[in-house]
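The values are calculated or read from the model by the stated rules, or taken from the named source; none is laboratory data. Since this is a predicted model, take the numbers as computed values, not measurements. Virtual Cβ from ideal backbone geometry, glycine too; neighbours counted across all protein chains shown.
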């Protein structure tokens, strides 16, 4: 065997050995970690074993986020309030009409992860975590928090690309709305969640961020709480040009403002005085529209579009 051939064989062996080492090191770095620690919306650090294969959702907004990022197949239970997407309604329910979940039912589903909101009493979360069932609590204060919650879910469930795609889609839709209404003067608005006393959406609430994205000036944005009572005197003084009424208020139509018990107060409000069928300045939401507003998740884009079209219909013609 000549020296050149020997040298070629040695070089080939060295190259193969080097490639093997690189391949082994690369695959070592890509190995699936056994757990992940993330921070939820209450600032709690939650450690979750991986991979996550069984998820229980205690709120429709969490269910919607799971399906939107492509992780809906991991859900094994949700609530009796779930309605979107339609196939979510076929899952077993761990939270019924009261909204509060049954710990026993959750445990029976043997979940790797539970998704909750602050609707669930702290003792339920504590009981589950004492049983070594991790609980993530999502309580977004604005649209940006919804984005970050969805990205967190993507990281936890292994659906990072789906989460990024959904967040980018939402950003594109909302940016499109903002561009359409950019040249219009902003309208002042009262969002009525309950009529007497008047509960509304204040600062650090996701509804306030929807209103802002849709070009509304929320008359409650300077109050001190996310979900405050706003006094009748302030409503009169701020004189909103428009009013949106949640479906859960029991206010069925415009007559509540024009001939109801408090009609004398409302008669001084621009939104009531200027209301016509051709140019409605009061919007009473239906059930689906109220769900868009009250369930912070991927359906936020429909809420923002709805508000903007109500306020500035000419921008969408």
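Brief remarks follow.
- Of residues in the range 51-71 being surrounded by 16 or more Cβ atoms within 10 Å (Cβ to Cβ) and in contact with a strand residue (DSSP E or B) (Cβ under 6 Å, 6 or more places away or on another chain), the one farthest from residue 299 (Cα to Cα): 52
- When the range 185-202 is filtered for residues that are assigned to a loop (DSSP other than H, G, I, E, B) and within 25 Å of residue 265 (Cα to Cα), the ones remaining, listed by number, are 186, 193, 195, 196, 197, 198, 200, 201, 202.
- Considering residues of the range 245-268 that are touching a helix residue (DSSP H, G or I) at 6+ places or on another chain (Cβ under 7 Å) and touching a residue at least 40 places away in the same chain (Cβ under 8 Å) only, the residue surrounded by the fewest Cβ atoms within 10 Å (Cβ to Cβ): 248
- Looking only at residues of the range 111-143 that are without any contact (Cβ under 8 Å) to a residue 12 or more places away in the chain and assigned to a helix (DSSP H, G or I), we find that the one that is farthest from residue 304 (Cα to Cα) is 130.
- Residue that is within 30 Å of residue 212 (Cα to Cα) and free of Cβ contacts under 8 Å to residues at least 24 places away in the same chain, where the choices are 92, 85: 85
Per-residue answers, yes or no, for (1) in contact with a helix residue (DSSP H, G or I) (Cβ under 6 Å, 6 or more places away or on another chain); (2) in a loop (DSSP other than H, G, I, E, B); (3) surrounded by 10 or more Cβ atoms within 10 Å (Cβ to Cβ); (4) at pLDDT 95 or above:
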{"position": "7", "(1), (2), (3), (4)": "no, no, yes, no"}
{"position": "11", "(1), (2), (3), (4)": "no, no, yes, no"}
{"position": "41", "(1), (2), (3), (4)": "no, yes, yes, yes"}
{"position": "73", "(1), (2), (3), (4)": "no, no, yes, yes"}
{"position": "83", "(1), (2), (3), (4)": "no, yes, yes, yes"}
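- Apart from one condition, residue 103 fits all of (1) over 30 Å from residue 272 (Cβ atoms); (2) out of contact with any strand residue (DSSP E or B) (no Cβ under 7 Å at 6 or more places or on another chain); (3) modelled with pLDDT of 95 or more; (4) surrounded by 15 or more Cβ atoms within 10 Å (Cβ to Cβ); the exception is (3).
- Residue match in the range 168-184 (condition: assigned to a loop (DSSP other than H, G, I, E, B) and without any contact (Cβ under 8 Å) to a residue 24 or more places away in the chain): yes
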